[in-house]
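Structure, as structure tokens:
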2 protein chains.
Amino acid sequence: MAPVSATVRDVARLAGVSPSTVSRALARPEMISAETRGRVLEAARALDWVPNRLARSLTRGSTENIAVVVPDIVNPFFPPLIRGGQQEAWRRGFSVLLGDSNEDAARELHVANELAAQVDGLLLMSSRLPAREILELRERCEVVVVNRVVRGVSGVVIDTAPSARRAVRHLVGAGHDAVHYVSGPADSWSNKQRVAAVQAACDASGTACHVLAPSVGAFERGRACVDDLLAAGATAVLAYDDITALGIVAGLADRDVRVPGDVAVIGCDDIPMAGQLGLATIGAPFDSVGAAAAGLLIEQIARRAGGAPRRSRLVRVPSTLFLRRTAGPAPAGGPALSGEGAAMPARSRRSPRARA
Amino acid sequence: MAPVSATVRDVARLAGVSPSTVSRALARPEMISAETRGRVLEAARALDWVPNRLARSLTRGSTENIAVVVPDIVNPFFPPLIRGGQQEAWRRGFSVLLGDSNEDAARELHVANELAAQVDGLLLMSSRLPAREILELRERCEVVVVNRVVRGVSGVVIDTAPSARRAVRHLVGAGHDAVHYVSGPADSWSNKQRVAAVQAACDASGTACHVLAPSVGAFERGRACVDDLLAAGATAVLAYDDITALGIVAGLADRDVRVPGDVAVIGCDDIPMAGQLGLATIGAPFDSVGAAAAGLLIEQIARRAGGAPRRSRLVRVPSTLFLRRTAGPAPAGGPALSGEGAAMPARSRRSPRARA
DNA sequence: TCCGAAGCTGCAACCGGTTGCACGGTAGCC
DNA sequence: GGCTACCGTGCAACCGGTTGCAGCTTCGGA
């Protein structure tokens, strides 16, 4: 803490006014004559004074802080979201507290509760909390969820369904007659969404759809299910996220199964490394998602402070399918979809053999 | 913010004591009779009261918050550090504010200043700030630097030099007669350290050492310098960090140069993906580094609060060399160093041809 | 029995701004 | 000229805990 910072009273004395005038010179300029205001500002500058945030928060009842809670900051899916939220918050004069739930709902609740006491709003990313708990948190401060939909609570979601449909169409067009989806964490909302989207897409194109039960760990989840996939005769795999997909790719490599020659793999999230590894995936502008969420949250905080009634909004951000090496070549004559060229090891040079 | 939380006075009234007694029942239990204390705690529980952090901070002059400032949260090097720091802070009852400097010293200064006003301590990770600025920040709150050494300021550094020496010995043992080091950001402290370590190691083993001037961007920095590397006849490359190393690997693949057959590549940081990609690198227990730094910071805060004089400590954390696929095989008879087996695409199956 | 020490507890001021209300002064209006 | 309206400013209370100091008990020792 600053050792001996000036206070309002110091500034007031120097400017020859009362503390209230100093306070108002900043908070309600229109209430103060231009001349007095000038004197106050000058005195403040001379003493190098800025109002103490804590004291201000205490009376105003608002902290100008928000908290971002994520399941695991090491999961590369989250840092871009956090950065986006951070920058937007900063732009609007808010600071960001960080909470990590370690993928655990109980811990998430604890962390969120603790943080709720010292911020104006909570940004819950990929929350594992039951809707009831989230609604309860909202009694204590504003809440916006990301990658989750809770009735009555504002949220930002990435709309992966259209991309999932395209992915299925791509795979079907390439000759695969069944799609295997490898699930993520059981309590993950987006996992449920993706299962539904893939199933719907398969139904629409009359393709068989198999869903593999979730297991724990990210990379290992993928690697561990490879035997099941091969036993089931899978040739086209969609995975819950990129880490899982990379685990699958690694597991397939362990068994000398070629990707995409024998099995095509598509992940989800477009983590920074994905493009460089040639991993096909579904991505989105994550910085913008984070920023949108923070913006939404701060607007809600402002509205609430203004006494306006609560109103929840749901923002959908479109996703993009990146067809890269692991997805196999597009069917002849099919529409070319987006995706930078694969760029990893020599492998990307060889054009993978199309499935028989 | 909590809508209508109870206050000390409410609790005091219910317990039939004065507000001061309530306050002391929590902060100075030994001053209060067991019986009174019991009544107070019960009343507090009944009203579901916890002391307001803001109000407490205002009088106590401490916030129980620390801030972590990183150059770029999306750089996979930082999330493990942040998580470690976060958990340790949390364990000790501190919350964490997050600042992102976007790799820019001016912005870092601004962010740090802003945060310094609302926390008890600052954790600067891979700070780009001139030492003078850091010392100045320390006038306003406690500071601990990570991955940086500033005289008079506590810090935690990863000791990469021994691993760099080993890496050079490995390469020399494998027959390479020169080592090329690809620099990172010009103002990065750890880059300077690594240049020095590599040069020293080369000198010690009588090997030529070439340092490539830094350029911007991470992955692209690596990719862009490949032509220079090849023109210089490089066969063994050490890179500032893993992202740069991956860029180099990608650039080499673009030109059909085999890794490690024609060129061996070793990175630094052991980012989560490195093991899975078979990238040789220098790693460290980053969670512990973050935790150690947070612990150091909080201890300093406590000591300072106790009125004890400042004392700066420097903690060195040892690093580990992971020799994986891209480093090429160990020379026959050489000591086998650590490193899990490579696990990415079929490539890892083929044993790379040793350099002629 | 009296005195001093020690243990609890309450009073009131304080941390540093903020804000409802009242007051003095000036201007506009009839 | 008197009255009202409004503007600019200060007073004092307040946000919610914390803490120095003093007062009251109780207890031990002389």
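The values are calculated or read from the model by the stated rules, or taken from the named source; none is laboratory data. What you see is a predicted model, and the numbers here were worked out from it, not measured in a lab. Every residue, glycine as well, gets a Cβ built from its backbone with ideal geometry; the counts of neighbours run over all protein chains shown.
The table for this structure:
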| quantity | calculated |
| --- | --- |
| Among the candidates A:Arg313, A:Arg304, A:Arg255, residue that is surrounded by fewer than 23 Cβ atoms within 10 Å (Cβ to Cβ) and at pLDDT 95 or above | A:Arg313 |
| Conditions (1) part of a helix (DSSP H, G or I); (2) surrounded by 16 or more Cβ atoms within 10 Å (Cβ to Cβ); (3) under 21 Å from the mean Cα position of the chain (by Cα); number of the one not met by A:Ser127 | (1) |
| Selected residue (criterion: farthest from A:Glu133 (Cα to Cα)) from residues of segment A:94-106 that are at pLDDT 95 or above and facing chain B (nearest Cβ under 10 Å) | A:Ser95 |
| Restricting segment A:258-274 to residues that are farther than 30 Å from A:Ala67 by Cβ and more than 9 Å from chain B (Cβ to nearest Cβ), the residue that is surrounded by the fewest Cβ atoms within 10 Å (Cβ to Cβ) | A:Gly261 |
| Residue list for segment B:57-90, restricted to those being closer than 22 Å to B:Leu137 by Cβ, in a helix (DSSP H, G or I) and touching a Pro at 6+ places or on another chain (Cβ under 8 Å) | B:Phe78 |
| The listed residue being within 44 Å of the chain's Cα centre (by Cα), outside the structural domain of B:Arg91 (by TED's automatic domain parsing) and assigned to a helix (DSSP H, G or I), out of B:Arg37, B:Arg13 | B:Arg37 |
| Output for segment A:45-56, where each listed residue is more than 14 Å from DNA strand D (Cβ to nearest atom) and part of a helix (DSSP H, G or I) | A:Arg45, A:Ala46, A:Leu47 |
| Hits in segment B:61-105 - residues which are acidic (Asp, Glu), surrounded by 22 or more Cβ atoms within 10 Å (Cβ to Cβ) and in contact (Cβ under 8 Å) with a residue 40 or more places away in the chain | B:Glu88 |
| Test result for A:Ala200, over 21 Å from A:Leu229 (Cα atoms), modelled with pLDDT under 95, surrounded by fewer than 21 Cβ atoms within 10 Å (Cβ to Cβ) and in contact with a helix residue (DSSP H, G or I) (Cβ under 8 Å, 6 or more places away or on another chain) | no |
| Condition met for B:Arg107 (assigned to a helix (DSSP H, G or I) and over 31 Å from the mean Cα position of the chain (by Cα)) | no |
| Scan of segment B:16-33 for residues that are in a helix (DSSP H, G or I) and near DNA strand C (Cβ under 7 Å from one of its atoms), ordered by number | B:Pro19, B:Ser20, B:Thr21, B:Arg24, B:Glu30, B:Met31 |
| Single condition A:Ala236 does not satisfy, out of (1) without any contact (Cβ under 8 Å) to a residue 60 or more places away in the chain; (2) more than 13 Å from every other protein chain (Cβ to nearest Cβ) | (1) |
| Residue ID - farthest from B:Ala305 (Cα to Cα), chosen from residues in segment B:138-152 that are modelled with pLDDT of 95 or more and within 14 Å of chain A (Cβ to nearest Cβ) | B:Val143 |
| Test result for B:Ala27, more than 11 Å from chain A (Cβ to nearest Cβ), under 30 Å from B:Arg138 (Cβ atoms) and without any contact (Cβ under 8 Å) to a residue 40 or more places away in the chain | yes |
| Failed item, numbered, when A:Met31 is tested on (1) more than 12 Å from DNA strand D (Cβ to nearest atom); (2) in contact with a helix residue (DSSP H, G or I) (Cβ under 8 Å, 6 or more places away or on another chain); (3) modelled with pLDDT under 95 | (1) |
| Residue within segment A:40-60 that is under 23 Å from B:Ala89 (Cβ atoms), surrounded by 24 or more Cβ atoms within 10 Å (Cβ to Cβ), within 10 Å of chain B (Cβ to nearest Cβ) and touching a strand residue (DSSP E or B) at 6+ places or on another chain (Cβ under 9 Å) present | no |
| Residue check for B:Val69: within 14 Å of chain A (Cβ to nearest Cβ) and within 32 Å of the chain's Cα centre (by Cα) | yes |
| Given (1) touching a residue at least 40 places away in the same chain (Cβ under 8 Å); (2) surrounded by 18 or more Cβ atoms within 10 Å (Cβ to Cβ); (3) away from DNA strand D (no atom under 13 Å from the Cβ), number of the condition A:Val8 does not satisfy | (3) |
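Each row is one residue, and each column tells you yes or no for (1) modelled with pLDDT under 95; (2) touching a Phe, Trp or Tyr at 6+ places or on another chain (Cβ under 8 Å).
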| site | (1), (2) |
| --- | --- |
| B:Ser154 | no, no |
| B:Arg165 | yes, no |
| B:Ala174 | yes, no |
| B:Asn191 | yes, yes |
| B:Leu212 | yes, yes |
| B:Arg223 | yes, no |
| B:Leu246 | yes, yes |
